[in-house]
Amino acid sequence: MKIFMDTAAIDDIRTAARWGVLDGVTTNPTLFAKVGGSYDDVLREICAITPGPVSAEVVAADVDGMLREGRHFATLAPNIVVKIPMSEEGLEAIAKLKADGIKTNCTLIFSANQGLLAAKAGASLLSPFVGRLDDINEDGMIVVRELVAIVDTYDLDAEVLAASIRHPRHVTEAALAGAHIATLPIKVLTQMVHHPLTDSGIETFRHDWEAAQAGAKAKAKAKG
Ligand code: E4P
């Protein structure tokens, strides 16, 4: 399963790149608002340090506006993927951008049917929002599982990107459900690295090693 960073914060993306686990990035207007500046400049910088796709989200609600923003994003870097919300207008924009040769990520997917339509319209990434469904007492991972099965059954040319990931267990469940990608905030990525037994094990090994070194030094000094 590929790992994307769900952020517009350059430092977080650099961290994942240094750790060797960065496959792509997803941004959205809320994430961009947290860093500010020029969206174009931020996107260019993210694209330069990211080996794979970088999603840039349109804010227009009409087809022409989505196409204008999407075509502009596509000029910024070769790895831009235009993020389009699921809607009647969104499907039309996805189909038109596909005809232009521009890749899209259909976002705000909350049912397998929405994902099926997005794939048929030509989206290369399908983003079911797991956490937001869990928030309203549904099981968001069901949509990931169903969509993966549909994509596999009909050999659709699209990848399922598990989004709105809130904790490490979501990542494991997305991987087991067959999601092609999970996009994560830096907090979840960092939580995945650590385990209390790993951290205490490292500390014990270091302590025992230093004690042995000190013992050997003391022995050598007594001898000689
Ligand atoms: C990613 O593409 C989505 O925009 C993001 O995962 C949404 O996450 P949230 O529900 O935590 O805002």
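The values are calculated or read from the model by the stated rules, or taken from the named source; none is laboratory data. Computed from a prediction, not measured in an experiment: that's the story for all the values here. Positions of Cβ are backbone-derived with ideal geometry, glycine not excepted, and every protein chain shown enters the neighbour counts. The area values use the complete protein model at the heavy-atom level, side chains included, leaving out ligands, DNA and RNA. Shrake-Rupley method; radii C 1.70, N 1.55, O 1.52, S 1.80 Å.
The residues in the range 15-39 that are over 14 Å from the mean Cα position of the chain (by Cα), more than 16 Å from the ligand (Cβ to nearest atom) and either open to solvent by 40 Å² or more (accessible area, probe 1.4 Å) or of a type in the set (Lys, Arg) (or both) can be counted, and the count is 5. Among the numbered conditions (1) surrounded by fewer than 20 Cβ atoms within 10 Å (Cβ to Cβ); (2) within 10 Å of the ligand (Cβ to nearest atom), the only one that Asp157 does not meet is (2).
Look at (1) within 15 Å of Leu184 (Cα to Cα); (2) among the aromatic types (Phe, Trp, Tyr); (3) surrounded by fewer than 22 Cβ atoms within 10 Å (Cβ to Cβ) and you find that Phe4 fails only one, number (3).
For Arg166, indicate whether it is touching a helix residue (DSSP H, G or I) at 6+ places or on another chain (Cβ under 8 Å) and either polar (S, T, N, Q) or surrounded by fewer than 18 Cβ atoms within 10 Å (Cβ to Cβ) (or both). Working first, answer last.
Values: touching a helix residue (DSSP H, G or I) at 6+ places or on another chain (Cβ under 8 Å): yes; either polar (S, T, N, Q) or surrounded by fewer than 18 Cβ atoms within 10 Å (Cβ to Cβ) (or both): yes.
Spelling it out, Arg166 is indeed touching a helix residue (DSSP H, G or I) at 6+ places or on another chain (Cβ under 8 Å) and either polar (S, T, N, Q) or surrounded by fewer than 18 Cβ atoms within 10 Å (Cβ to Cβ) (or both).
Among the numbered conditions (1) within 16 Å of the ligand (Cβ to nearest atom); (2) open to solvent by 70 Å² or more (accessible area, probe 1.4 Å), the only one that Leu184 does not meet is (2). The set of residues in the range 167-224 that are in contact with a strand residue (DSSP E or B) (Cβ under 8 Å, 6 or more places away or on another chain) and in a loop (DSSP other than H, G, I, E, B) comprises Ala177, Gly178, Ala179, His180, Pro185. Taking Ala93, is it buried (at least 24 other Cβ atoms within 10 Å of the Cβ), away from the ligand (no atom under 16 Å from the Cβ) and farther than 26 Å from Gly178 by Cβ? Answer is yes for this residue.
The range 11-111 holds helices (runs of 4 or more DSSP H) entirely within its bounds, and those carrying 1 or more residues that are over 21 Å from Lys187 (Cβ atoms) map to 39-49, 63-76, 88-99.
With at positive phi and either touching a Gly at 6+ places or on another chain (Cβ under 9 Å) or away from the ligand (no atom under 13 Å from the Cβ) (or both) as the only criterion, which of Gly122, Gly131, Gly65 stands out?
Values: Gly131 fails: at positive phi; Gly65 fails: at positive phi.
After ruling out the rest, the residue left standing is Gly122.
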